[in-house]
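Here is the structure we will look at.
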Amino acid sequence: MWIYNSLTRKKEVFKPQNPNRVTVYTCGPTVYGPSHLGHARTYTNFDFLKRVLEYHGYTVRHVLNITDVHDSMIEEARKQGILIKELADKHLEHFYLDLEKLNIEPPDVFPRVTGHIVGIIKMIQTLIEKGAAYEKDGSVYYDVSNGKLSGVKLKEAKTGTRVALDKYEKEEVVDFALWKKTEEGEEEVGAVWPSPWGKGRPGWHIECSVMSGMHLGETLDIHGGALDLKFPHHENEIAQSEAATGEKFVNYWVHSGLLTVEGKKMSKSLRNYIEFDTLVQKEFDPLAFRYLCLTAHYRGELNFTWAGLEAAAIALEKLYDEVSNWDAPGKIGCAEYENKFNELINDDLNLPEALALMWKLVRDRRLPTAARMKTLIQMDRVFGLKLAEVEEVEVPEEVRELVQEREQMRREDNWTAADEIRGRIEQAGFTVEDTEKGSIVKKV
Ligand SMILES: [Zn+2]
């Protein structure tokens, strides 16, 4: 399998450190507001990558971090008059649901920064001991002149110039904050911890070096994130980790392309900022968004338009329709298609062409539906469009009646009775799922 490594800027043969196991770390959300479509695309793209690895038989250990201390967290918590922990909890719950709606396999660990302060302080101490960081007025900075800063020529770096902001501009290659002295208003929102340098809180970049090391080891097979994190965030992660451990930090850097809206960068000031919820409110199947992501290569830009999403929704519906009356998957699939599919996903995840291949298979009426279904379900292990669930389920009359009875109880807010009926449905070997479109009954 070939994968494009952003660090070397070329496609490389993928070879994990352990032949059966792959470690993947992806930078997760700063949980100060709801997810937008850009986030949804990034997490979906990395889900495709994870599924391709699993398709090839690797066991993937995936860590996605949650940034619950950050300039933006503090600003928003102050605005709302709540603790950063409360703000994080509120948005996290929602974030997990968003992942589920997009059929994203949950990562193995969702580490939170606030749960790793001790480890963060420890790494900062190591960096000071190794001469890669220094303390100044109760804050600690990474020294870009002494430490390693990959990919950026040191002569461009403004050594001795410091930046305390979590996000800063591309031109500023400066000493960045690892630990920030407590500022006004941070204590009230619960963003203060004791440290050897006095009261303060971690800067943004250090968290990923600490949490990836703690949960996955010093050298990662794959580190991913959205393209706009490449600088300074990922550069800084490399610098910190390699200075602290003396080991190579990441073998393959993978970056997901950005999402634009009607050809423009998504931003609040342009009023083209679309939250993931808006899509659900407009009653789009979230899997239609997943389908839309498949139509663009993960490294390229995805230009989001409502018309484009509508087209994706129609295509997905058509796909479900096509296969709904096919025979159950047989023992033998369509080898020719499976080989071609392998070739495409192994070429740096060429999913747009793999999707086109899937449509070719769907329409290839020379082949029996049982064989096509077998191959289709195999392809869907990567696509994640829930094609295996399309087949119609025979629901016995008595179960159907129970479901109706339960819906009636739910409408009357009689939750005890509704739960009791759910138990009886489950005893009959079925489960019931509540969706916006009503109850869906499935076989256990
Ligand atoms: Zn990160």
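Compared with the dominant principal axis of the Cα atoms in the chain, helix 397-411 is inclined by about 50°. Against the main long axis of the alpha-carbon atoms of the chain, helix 84-101 sits at an angle near 30°.
The mean of 1/r over all distinct Cα pairs in segment 247-320, once inverted, gives the Kirkwood hydrodynamic radius of 13.8 Å. Its relative contact order, with pairs defined as Cα atoms under 8 Å and 6+ residues apart, puts segment 1-98 at 32 percent. Hey, rough spin-label estimate for ASN18 and GLN281, points 7 angstrom out along Cα→Cβ, what's it come to in nanometres? Roughly 4.5 nm, to one decimal. Pairs from the list LYS181/LYS265; LYS122/LYS181; LYS85/LYS199; LYS90/LYS248; LYS15/LYS386 with a Cα-Cα gap above 27 Å: LYS181/LYS265; LYS90/LYS248; LYS15/LYS386. Under a model in which nothing but the beta-carbon of Lys, Arg (+1) and Asp, Glu (-1) is charged, segment 193-313 shows a dipole of about 380 debye around its Cα centre.
Extent of the chain along its three principal axes (Cα atoms, max minus min coordinate, largest first): 74, 55, 42 Å. Between 0 and 90 degrees, the angle of helix 235-245 with respect to the longest Cα principal axis of the chain falls at about 70 degrees.
Computed over the chain, relative contact order equals 16 percent, with contacts defined as Cα pairs under 8 Å that lie 6+ residues apart. Annotation: amide H-H contacts under 5 Å for ALA133 (H modelled 1.01 Å from N, sequence separation of 5 or more, or interchain): ILE128, ASP143. Close amide H pairs (under 5 Å, H built 1.01 Å from N) link ILE274 with LEU37, residues at least 5 positions away or on another chain.
Calculate, in whole percent, how much of the Cα-Cα pair population of segment 197-343 lies beyond 26 Å. Value for segment 197-343: 52 percent of Cα pairs lie more than 26 Å apart.
Count Lys and Arg as plus one, Asp and Glu as minus one, and take only other residues whose Cβ is under 13 Å from that of GLU310; the net charge is then -1. Considering only VAL63, PHE176, SER145, the residue lying farthest towards the positive end of the dipole of the chain is SER145, judged by Cα position with unit charges set on Cβ. Please list, ordered by chain and number, the residues whose modelled amide H lies under 5 Å from the amide H of LEU220; skip anything fewer than 5 residues away on the same chain. Here the answer is VAL250, ASN251, since their amide H atoms fall under 5 Å of that of LEU220. Of the residues ALA371, VAL403, VAL390, the one whose Cα sits farthest toward the positive end of the charge dipole of segment 367-409, with +1 on the Cβ of Lys and Arg and -1 on the Cβ of Asp and Glu, is ALA371. Springs between Cα atoms under 10 Å define the GNM used for the chain, and in it the highest mean-square fluctuation of GLU353, GLU407, GLU262 occurs at GLU407. Note on the chain: GNM, Cα springs under 10 Å; of ARG21, ARG112, ARG422, the largest mean-square fluctuation is that of ARG422.
Per-residue Karplus couplings for segment 335-347, computed as 6.51 cos²θ - 1.76 cosθ + 1.60 with θ equal to phi - 60°, are listed in order as 4, 4, 5, 5, 5, 5, 4, 4, 4, 5, 5, 6, 8 Hz, Gly and Pro entered as x.
Calculated mean residue ellipticity, 222 nm, the chain: -13000 deg cm²/dmol, from DSSP H runs (n ≥ 4) at -39500 (n - 2.57) each, averaged per residue and rounded to 500. A Cβ-based charge dipole, computed about the Cα centre of the chain with Lys and Arg at +1 and Asp and Glu at -1, lands at about 1540 debye.
Per-residue 3J(HN,Hα) values for segment 182-188, derived from phi via the Karplus relation 6.51 cos²θ - 1.76 cosθ + 1.60 with θ = phi - 60°, read 4, 10, 4, x, 7, 5, 4 Hz in sequence order (x marks Gly and Pro). Quick one: net charge of LYS199's neighbours, Cβ under 15 Å, K/R +1, D/E -1? Net charge in that neighbourhood comes out at -4. For the chain, modelled as a GNM with alpha-carbon contacts under 10 angstrom, which of GLN404, GLN240, GLN125 fluctuates the most? Among GLN404, GLN240, GLN125, the largest GNM mean-square fluctuation belongs to GLN404.
Candidates LEU92, VAL280, TRP2 compared by Cα position along the dipole of the chain: farthest toward the positive end lies TRP2, with charges placed on Cβ. Which percent of the Cα-Cα distances in segment 297-413 go past 22 Å? For segment 297-413, the share of Cα pairs beyond 22 Å comes to 48 percent.
Bear in mind these aren't lab numbers, they're just calculated from the coordinates by the rules spelled out. Just so it is clear, the model here is predicted, and its values are computed rather than measured. Note that we place each Cβ from the backbone using ideal geometry, even for glycine, and neighbour counts take in every protein chain shown.
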